[in-house]
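Since the structure comes first, as structure tokens, the remarks are kept for the end.
The values are calculated or read from the model by the stated rules, or taken from the named source; none is laboratory data. Just so we're clear, the structure is a prediction, and the values are computed from it rather than from any experiment. Neighbour counts are summed over all protein chains in view; Cβ atoms, including those assigned to glycine, are modelled from backbone coordinates with ideal geometry.
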Amino acid sequence: MNETTLLAQHAGFLPSRGSIMIDFVFVAMFGIILVLGVSIYLVRYLRMYQVHKWIQVITGIVLLVTVIAFEVDMRFFTDWEKLAEPSKFGSTTVHNLLYFHLLFAIPTPILWIVVIWRALLKFPSPPEPGPHSASHLFWGRLAAIGMLLTAVTGWVFYYAAFVA
């Protein structure tokens, strides 16, 4: 692929080789982590259980739609490997970083769906602490850590593949 073709395929909005969808997800993860932190703060320190519930449900839906759109784009429209070819890290390192990222990026949304689903089933409406709280706290923390690690490993992969 020549430079003109590569630039024509690149339609991103950041100064990188990423596509618009890759750039969007890169930036969106900052927002997701911020919203997740605010949601945790609201429930932990201000006891705003209903607000926490709706932030998590809405964020979960937005993430599900975004992940589906991202996967469709990566599978059918964007040749990310061609965009990453000029990386100074080389193909092997870029692929290894992607695989490491996927260790978090695949199970985390599944875990988040399970945590939200179980919370919707086991907490009363409106939500308040109860018998499910300890389990929700454990699995919710694990899901939040997973989301943070998904974001951080995604940012590292993005830099290595599309910036360096």
(request) Taking the residues in segment 106-151 that are aromatic (F, W, Y) and closer than 21 Å to Y41 by Cβ as candidates, determine which candidate is surrounded by the fewest Cβ atoms within 10 Å (Cβ to Cβ). (result) F138
(message) Quick check on segment 39-53: of everything there that is exposed (fewer than 12 other Cβ atoms within 10 Å of the Cβ) and assigned to a helix (DSSP H, G or I), which residue is nearest to the chain's Cα centre (by Cα)?
(response) R44
(request) Determine whether D23 is over 30 Å from P124 (Cα atoms), modelled with pLDDT under 95 and not hydroxyl-bearing (S, T, Y). (result) no
(message) Out of the residues in segment 112-163 meeting the condition of being in a helix (DSSP H, G or I) and of a type in the set (S, T, N, Q), tell me which one is nearest to E81 (Cα to Cα).
(response) T153
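Pick from E71, E85: which is of a type in the set (D, E) and within 20 Å of the chain's Cα centre (by Cα)?
Sole residue among the options that is of a type in the set (D, E) and within 20 Å of the chain's Cα centre (by Cα): E71.
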(message) Which pairs turn up if I take residues in segment 152-164 that are within 16 Å of M74 (Cβ to Cβ) and look for partners that are modelled with pLDDT of 95 or more and of a type in the set (V, I, T) with beta carbon separation below 9 Å, at least 6 apart in sequence or on another chain?
(response) G154/V25; F157/V94; Y158/I22; Y158/V25; A161/I22; A161/V94; F162/I22
(message) Of the conditions (1) in a helix (DSSP H, G or I); (2) under 30 Å from P129 (Cβ atoms); (3) modelled with pLDDT of 95 or more; (4) out of contact with any Leu (no Cβ under 7 Å at 6 or more places or on another chain), F30 satisfies every one except a single condition; which number is it?
(response) (2)
(request) Being surrounded by 12 or more Cβ atoms within 10 Å (Cβ to Cβ) and not in a helix (DSSP H, G or I) is the filter here, so list the residues in segment 78-105 that pass it. (result) T78, D79, E85, P86, S87, F89
(request) Look at segment 54-68 and say how many of its residues are under 11 Å from P127 (Cβ atoms) and under 14 Å from the mean Cα position of the chain (by Cα). (result) 1
